[in-house]
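The values are calculated or read from the model by the stated rules, or taken from the named source; none is laboratory data. What you see is a predicted model, and the numbers here were worked out from it, not measured in a lab. Virtual Cβ from ideal backbone geometry, glycine too; neighbours counted across all protein chains shown. These area figures cover heavy atoms from the full protein model, side chains too; ligands, DNA and RNA do not enter into them. Shrake-Rupley method; radii C 1.70, N 1.55, O 1.52, S 1.80 Å.
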Amino acid sequence: MSTSLSRAIALCALTAGFSLGVPQIAHAENSNPIGSVTEGSGNDVLLDFLAGSSQQVGSTGLALDGLLSGAGAVGSSGSGFSGPFLSSEDGYPLPTDPDITTVELRGVTVENAAERRERWKVASPSMKRVVDVQVVRPADTTADAPILYLLDGIGGNMRSSGWVNTGAVGDVFRNENVTVVMPLGAASSMYTDWQQEDPALGTMKWETFITEELGPLLEADASVNFNGKRAIGGLSMGASGAVRIANHHPELFDATIGISGCYSTRDTLGQQTAKLIVASRGGDLNNMWGPVGSPTWNAQDIVRNPDGLRNMAVYLSAANGAAGDVDIEDYADGPFYNMLAGIYLERGAMKCTENLERALTGSGATGVTVDYLDSGMHNWRNYEAQLQPAWEAIRHAVV
């Protein structure tokens, strides 16, 4: 999770009247109310309070409604954040090349031979740039294998996927016969096709890239022994993108994974989640799908129309935001707003997941597995632990 998003959520909580009885927070005129309590005893008091309150899932002090009201009106043309709460990922907007008109592989390098991991450089006509993609080869490179796309969260790291950095891909797929594909550089993009180029984020056409450019390129490559089966999954922002792409393209995908994601674009929670993700990197929400409530926004709503997932294997998971002993230890040396964001975002993800599960049940979908965890926050400790059960739940649909 990015620092800018964590700060933004803390600001929303403060704006909503989130009060912990700490003197520094009580002074609204303070130009940096968060910075004043990120060190020393004030920060420690907040961390202790948050850890205790997170165990009470119905706690009014950490209610989702407060965060949503503090996030402000979604439909505003601006980002809604400024100063220390807004920052663009280094290198964005990414440079483009108007001469890129054809999908082509510009190079392959071996990153880690023991883990069978390569880096592919793929020229994308839709985004007018070369996109780096990490590819983990199957355990048996002579046998036919499915392709599993794994999408990152808000950070969209350009250097290496979080799935690689945590070791989750190496652990889960060490002996599995599947080609794992992880596109890089999608920070705050929602893994969708933006209507307009964004001054902060650049040209974003991620759905087109994955389904019309990268996919056919991989499948046509003589070194990829493709068995005709595809799955797509992700965490947080990547979960929203993966499940949405699968829902839009049931002819392409046999399974999908959503870990700690949000899946509606019509309810307040889904809209505010999208705003927080885009605004945390300085993006303009209107450049993505146009004004909130437009036909394009509504068309992205999976909860209102999950029919594309009806015949797929679907795995969903979310935790309740409660901080376990290991979580408390993880956050102990950081600013309080990191823990605050971890609690809020995961509680929101659970509500989003519950909404999608109900919609899938109502649509007649029968291949759905859902795990609700009684502790865990919006962080990689939670995500990576869910990759193994996620793969086990959908494996039968693609191998």
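Determine which member of the set M339, M312, M350 is farther than 23 Å from S188 by Cα, surrounded by 19 or more Cβ atoms within 10 Å (Cβ to Cβ) and touching a Phe, Trp or Tyr at 6+ places or on another chain (Cβ under 7 Å).
M312
Which number in (1) at pLDDT 95 or above; (2) open to solvent by less than 10 Å² (accessible area, probe 1.4 Å) marks the one condition that H249 misses?
(2)
So in the stretch 374-390, with the set limited to residues that are of a type in the set (G, A, S) and open to solvent by 40 Å² or more (accessible area, probe 1.4 Å), which one is nearest to V172 (Cα to Cα)?
Step by step, filter the stretch 374-390, then rank; the result is A385.
Evaluate the stretch 166-187: report whether one residue or more is closer than 27 Å to A113 by Cβ, open to solvent by 40 Å² or more (accessible area, probe 1.4 Å) and small (G, A, S).
Taking every residue of the stretch 166-187 in turn, none turns out to be closer than 27 Å to A113 by Cβ, open to solvent by 40 Å² or more (accessible area, probe 1.4 Å) and small (G, A, S).
Counting just the residues of the stretch 252-302 that are under 16 Å from the mean Cα position of the chain (by Cα) and of a type in the set (V, I, T), which one comes out most open to solvent (accessible area, probe 1.4 Å)?
This residue is T273.
Mind checking which residues of the stretch 188-206 are crowded, with 21+ Cβ neighbours inside 10 Å and acidic (D, E)?
Passing the criteria: only D198.
Can you tell me which residue within the stretch 317-334, out of those that are touching a residue at least 60 places away in the same chain (Cβ under 8 Å) and in contact with a helix residue (DSSP H, G or I) (Cβ under 6 Å, 6 or more places away or on another chain), is most open to solvent (accessible area, probe 1.4 Å)?
Going through the qualifying residues, I end up with I328.
For the stretch 212-246, which residues satisfy the criterion of being out of contact with any Ser or Thr (no Cβ under 9 Å at 6 or more places or on another chain) and either crowded, with 16+ Cβ neighbours inside 10 Å or hydrophobic (A, V, I, L, M, F, W, C) (or both)?
Answer for the stretch 212-246, where residues must be out of contact with any Ser or Thr (no Cβ under 9 Å at 6 or more places or on another chain) and either crowded, with 16+ Cβ neighbours inside 10 Å or hydrophobic (A, V, I, L, M, F, W, C) (or both): G215, L217, A220, A222, N227, K229, R230, G238.
I'd like to know if the stretch 224-237 contains one or more residues that are more than 30 Å from S375 (Cα to Cα) and polar (S, T, N, Q).
yes
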